[in-house]
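Below you'll find the structure, written out as structure tokens, and then a few comments.
The values are calculated or read from the model by the stated rules, or taken from the named source; none is laboratory data. As the structure is a computational prediction, the values presented were derived from the model and not from experiment. Here the Cβ positions follow ideal geometry from the backbone for every residue, glycine too, while neighbour counts run over all protein chains shown.
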Amino acid sequence: MKKIKIEGMTCNHCVAAVTKALESIDGLENIKVSLENGEATFEEKKPVDPAVIQEAIKKAGYEFII
Ligand SMILES: [Cu+2]
């Protein structure tokens, strides 16, 4: 399981937006986004470039802290 830090989430809409962004990435599964902890966890069915994840989260309007 991988864990990433996400900055900027303030409510459940943010959680939904980040979840959707992560779900749009091919190769990720079991995505869980925690508003409380400001993080997301997921499994990689196949290796995913962190830059792709960062880009998707950025596009959704949040910041992925490596
Ligand atoms: Cu929000």
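Data for the structure
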read-out: Count of the range 1-28 residues which are within 16 Å of the ligand (Cβ to nearest atom) and on the phi > 0 side of the Ramachandran plot; value: 1
read-out: In the range 1-28, residue nearest to E63 (Cα to Cα) [restricted to those that are among the β-branched types (V, I, T) and assigned to a strand (DSSP E or B)]; value: I6
read-out: Complete set of residues in the range 29-45 that are away from the ligand (no atom under 16 Å from the Cβ) and either in contact (Cβ under 8 Å) with a residue 24 or more places away in the chain or under 11 Å from A60 (Cβ atoms) (or both); value: N30, T41, F42, E43, E44
read-out: So I53, is it surrounded by 17 or more Cβ atoms within 10 Å (Cβ to Cβ), of a type in the set (A, V, I, L, M, F, W, C), modelled with pLDDT of 95 or more and more than 11 Å from K2 (Cβ to Cβ); value: no
